[in-house]
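Have a look at the structure below before the remarks.
The values are calculated or read from the model by the stated rules, or taken from the named source; none is laboratory data. Treat the numbers as computed from the prediction; the structure is a model and nothing was measured. With ideal geometry, Cβ positions are generated from the backbone for all residues, glycine too; neighbour counts draw on all protein chains shown. For the accessible areas, the whole protein counts, side chains as well, though only heavy atoms, and no ligand, DNA or RNA atoms are used. Shrake-Rupley method; radii C 1.70, N 1.55, O 1.52, S 1.80 Å.
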Amino acid sequence: MKIDGTHRRTIWLADDGWAVEVIDQTRLPHAVVVRRLETLDDAAVAIRTMVVRGAPLIGVTGAYGMCLALRAAADDAALAHAVEVLAATRPTAVNLRWALDRMAAALASMPVNDRAAEAYRLAALVAEEDVETCRAIGRHGAALIREAYERTGKPVNVLTHCNAGWLAAVDWGTALAPVYAAHEAGIPLHVWVDETRPRNQGSALTAFELGQHGVPHTILADNAGGHMMQHGEVDLCIVGSDRTTAEGDVANKIGTYLKALAARDNGVPFYAALPESTIDWALGDGVRDIPIEERPAEEVTHMTGQAASGEIVTVQVAAPGSAAVNPAFDVTPARLVTGIITERGIATASREGLAELYPERQA
Ligand code: MRU
């Protein structure tokens, strides 16, 4: 997608052909800064500190982190160490583990001297596949937006939570891919952008990328979504996911579950858009089994933004001394999910629905 009219991706190889460059998402929307990653630790820190974030992008960064690690040392111990270090960075998005396992499985059987070159080839493949997968999610999801438009004859109001746009993937995104595809097809639409406290991925990142792409949108406080649904202002919700179980339970940014409850109470269809790499086929009950990342309390008690002077400042917004808790994700049970938009089509959120789209996974 575009920044200032120029097509950009979130991650790419530097001109020297080996270092990795990423857009530093901790600096958006105030500045577009490119960060260069040269080592395993650089990649791990970028994921942990959310310079890069979003489930698909974390996976691709993990894959490139393996390349950087193997460039330095490629024996079995180095390979295992790289997987361990990268896997420990963020626990909820299963795309990370998926990418690391895929890389490790392919590389372990290769001669040590060939591993680094093969890692680069594979990481590029994982990145390209992510683009095509997200594009396909967009195509399938856009049909829902078109249907809503044809039914009402009015611009379609889509509500989304957090950032599951191109900044969360290599390009296109998951939840926003249908929005971009529908927008490009000329279907009139408008996006309600949940602010997404505590880190404000909605107001900082989703609003930024929609604005850059010319998609009409409005930011709303997280607490306003239920009210908007009660008043008929939302035609459908589309969110992303960090881990989806084989039963169709969906883990996504904290607050997603509340939106699904409000959507159910108001008859608003609620979709999760995700690639197969987000499905954890080993898990059934998401509330019980999906590990939920706990992040620092300071993300709740403090906020960061740009002062009138242009300086980026962090201020305390909570009463000094009060404790705060910061679970980064929650799980929306399958019963509240109208459907799962994947690269293969739209499934009901159930074991049977997902089995129909991915029959080879059921063995
Ligand atoms: O903590 P973040 O910013 O990495 O959380 C991102 C989300 O919750 C996204 O909705 C999810 O990763 C899907 S991204 C296509």
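A few points about this structure:
- Listing of helices (runs of 4 or more DSSP H) fully contained in segment 251-346 that carry 3 or more residues being in contact (Cβ under 8 Å) with a residue 12 or more places away in the chain and touching a helix residue (DSSP H, G or I) at 6+ places or on another chain (Cβ under 7 Å): 256-265
- Verdict on residue 251 being of a type in the set (Gly, Ala, Ser), touching an Asp or Glu at 6+ places or on another chain (Cβ under 8 Å) and surrounded by 20 or more Cβ atoms within 10 Å (Cβ to Cβ): yes
- In segment 254-279, residue farthest from the ligand (Cβ to nearest atom) [restricted to those that are open to solvent by 40 Å² or more (accessible area, probe 1.4 Å) and aliphatic (A, V, I, L, M)]: 261
- Long-range neighbours under 8 Å by Cβ, at least six apart or interchain, first residue under 21 Å from residue 50 (Cα atoms) within segment 75-95, second in a loop (DSSP other than H, G, I, E, B) and among the acidic types (Asp, Glu): 90/293; 91/293; 92/242; 92/293; 93/242; 94/242; 95/242
- Filter result (in contact (Cβ under 8 Å) with a residue 40 or more places away in the chain, over 21 Å from residue 152 (Cα atoms), hydroxyl-bearing (Ser, Thr, Tyr) and assigned to a helix (DSSP H, G or I)) within segment 168-215: 206
- Here residue 181 meets each of (1) touching a Lys or Arg at 6+ places or on another chain (Cβ under 7 Å); (2) over 25 Å from residue 263 (Cα atoms); (3) assigned by TED's automatic domain parsing to the domain that holds residue 281 with one exception, condition (2).
- Some residue of segment 130-147 being part of a loop (DSSP other than H, G, I, E, B) and in contact (Cβ under 8 Å) with a residue 24 or more places away in the chain: no
- Qualifying residue in segment 290-300 (condition: at pLDDT 95 or above, more than 30 Å from residue 131 (Cβ to Cβ) and touching a strand residue (DSSP E or B) at 6+ places or on another chain (Cβ under 7 Å)): yes
- All positions within segment 243-263 that are of a type in the set (D, E, K, R) and within 10 Å of residue 331 (Cβ to Cβ): 243, 249
- Some residue of segment 290-306 being in the same structural domain as residue 143 (by TED's automatic domain parsing), of a type in the set (Gly, Ala, Ser) and surrounded by 15 or more Cβ atoms within 10 Å (Cβ to Cβ): yes
- Residues that are open to solvent by 50 Å² or more (accessible area, probe 1.4 Å) and among the aliphatic types (A, V, I, L, M), drawn from segment 25-73: 32, 34, 45, 72
- Enumeration of residues in segment 1-24 that are open to solvent by less than 10 Å² (accessible area, probe 1.4 Å) and among the hydroxyl-bearing types (Ser, Thr, Tyr): 10
- For segment 24-62, taking the residues that are part of a helix (DSSP H, G or I) and in contact (Cβ under 8 Å) with a residue 60 or more places away in the chain, the one that is nearest to the chain's Cα centre (by Cα) is identified as 55.
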